[in-house]
Amino acid sequence: MEDYITLIQQNTWLAFIGIVLLSYLLEDLAIVTAAVMASHGSISFEAALLAIFIGIASGDALLYALGLWSRRWRGLRYRLLTMPLLRQAKRRLQHHAIVNIVIIRFIPGLRSVGFTLCGYFQIPFNRFLIAVLLATAAWTAFVFGLIYQVGNSDWLQQHPLKWLLGPIALFVLLAFNRMAKRSFQQNNHHAKPKRPSSSGVYPISKSHTASKGEL
């Protein structure tokens, strides 16, 4: 383990690329890892923060590209035409793209689907990129900065259990995301749904019908 840490300290690019790739798998783990490494001096504060920013922002752009590419699948397009909720999502993203994309970023569980739909609905990429950069900068700076400040404090640097900062920070972050997701789901559950017809299918007004070229 000591040899591994020494190798990372001697090769900043190795740590930089590793953080970027880790953010594609689990961004919370990548943020915690980068902040802990920076507080221990394994990588500079600036390099760690930049790696996290690039990893998360590029991952969001890849989700957008995935949605754009999925438009080629006719079967998928036909299925989406029968889902009125997606038409509502499309209207919101088109009319208030930046605000809604920022909101999606801060609601756990919506990022993958929401950003993929942005590409599928062909939301202008410049608006998407602006919103992603703003939200990523705010979220990364807050979480990364908080963990770094705690890890860089004198009392923790001298504590024999300072290695517990990473697991504890990850647990707190995941627990917070879980509570936020549950709160969001409960708010949606309490929303008054439309009354279904006798056949058990929710009625769809003419405004919710779509031609094949609308999605």
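A short reminder: the numbers here are calculations on the coordinates, not readings from a lab. Being a predicted model, the structure only gives us computed values, none of them experimental. We place every Cβ from the backbone using ideal geometry, glycine too, and count neighbours over all the protein chains shown.
Sum up the charges of everything whose Cβ sits under 10 Å from the Cβ of residue 60, counting Lys and Arg as +1 and Asp and Glu as -1, but leave residue 60 out. Result for the neighbourhood of residue 60: +1. In the range 27-142 the Cα-Cα distances spread across 10 Å bins starting at 0 as 14, 42, 27, 13, 5, 0 percent of all pairs. Here the simple spin-label model places points 7 Å from the Cα toward Cβ, and for residue 126 and residue 11 these points are separated by 4.1 nm.
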